[in-house]
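Single-structure report; data block below.
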Amino acid sequence: MKVILLLITGASAVYLFHAWQVLGSQEDMLFIGADITEDRIDEVNSEWNNTEELYLETEDGEILHGWIQHAGTTPAPLLMYFGGNAEEASAGIEQYDIPDDWSVLFMNYRSYGNSSGEPEESTLFKDALLLYDYASSHEKVKESRIAVMGRSMGTAPAAHTARNRDPAGVILISPYDSREELQSHRYPYLPISAFIRHPFEVSNMAEQSEAPLLGITASEDRVIPPDHSYVTFNNWNGDVHQVELEGFGHNSLHQSRDFHDEIKNFLSEIESS
């Protein structure tokens with residue numbers, strides 16, 4: 001009997017410790033962050049063509065840092081990019097082959113890169129709308145040709161922007177259905193629903209988003225399995241073009257040539273519509 005009680009006590013301790021790791025450290029697991037050096041900032045400013053460095057103040061006094069890389073001819077259509085949870089914006093955008101006639105806005109989340117503050121769902125969403133409104137009023141941007149693109153965690157602010165503004169198109173790369181569903185899938189033995197702090201309910205936002213959507217998944221994605229992304233694509237209230245890249249994973253799908261071709265074709269359709 002004593003042995004059984006010791007085993008139960010030990011198992012309970014292991015369970016509670018694991019639950020604390022998952023539920024008590026959500027911010028550390030989600031908002032991994034990424035640093036940037038002054039040398040890197042100088043490199044982007046001096047060596048990237050037509051780049052405008054931005055410092056934007058939020059309504060609560062934090063500073064968001066990033067850039068617009070302008071197209072050669074302006075005003076131009078603009079792609080807003082929201083990266084993954086471990087991306088510094090200038091490093092993230094280098095993974096993409098964006099058409100030369102499109103400008104690109106890439107800003108770091110709070111605490112990422114040279115941005116101040118601490119990230120959380122509500123502030124990411126507010127900041128996304130701040131960035132969209134800034135871009136839409138920029139003299140070098142075609143207001144009617146702003147598209148938003150999000151990858152992984154960045155699909156949440158991208159979908160929030162699509163629901164609350166009127167972008168010309170949306171690109172979601174490996175989107176959640178929601179973090180609650182994803183975490184419940186990963187840890188079915190934990191009470192995720194009761195304790196989730198940043199649910200990122202992308203599939204619910206999709207129901208109120210009417211812009212054309214390009215949805216991209218990777219067949220070997222083990223971080224956000226494609227089945228979760230399909231829920232968001234199926235809920236989307238506008239036209240959807242869905243692509244799954246065979247043989248690629250969550251962090252490698254940009255290595256596919258088809259990945260870049262699909263994005264280019266989608267942006268070309270937006271520009272000519």
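Quick notes on this structure:
- Among the residues of the range 51-81, those that are of a type outside the set (A, V, I, L, M), in contact (Cβ under 8 Å) with a residue 24 or more places away in the chain and part of a loop (DSSP other than H, G, I, E, B) comprise T58, E59, D60, E62, H70, G72, T73, T74, P75.
- Condition met for E94 (modelled with pLDDT of 95 or more and not aliphatic (A, V, I, L, M)): no
- Unique match (being part of a loop (DSSP other than H, G, I, E, B) and of a type in the set (S, T, N, Q)) among S122, S144, S111: S111
- Filter pass, D177 being crowded, with 24+ Cβ neighbours inside 10 Å, modelled with pLDDT of 95 or more and charged (D, E, K, R): yes
- Annotation note: of I224, I216, the sole residue that is out of contact with any Gly (no Cβ under 8 Å at 6 or more places or on another chain), part of a strand (DSSP E or B) and at pLDDT 95 or above is I216.
- Among the candidates V14, V104, V3, residue that is surrounded by 15 or more Cβ atoms within 10 Å (Cβ to Cβ) and either touching a Leu at 6+ places or on another chain (Cβ under 7 Å) or modelled with pLDDT under 95 (or both): V104
- Output for the range 231-257, where each listed residue is surrounded by 15 or more Cβ atoms within 10 Å (Cβ to Cβ) and charged (D, E, K, R): E244
- The set of residues from the range 146-166 being of a type outside the set (K, R), farther than 17 Å from Y230 by Cβ and surrounded by fewer than 24 Cβ atoms within 10 Å (Cβ to Cβ) comprises N164, D166.
The values are calculated or read from the model by the stated rules, or taken from the named source; none is laboratory data. Note that the structure is a prediction, hence the values are computed from the model and not measured. A quick note on method: Cβ atoms are made from the backbone with ideal geometry, for glycine too, and the neighbour counts reach across all protein chains shown.
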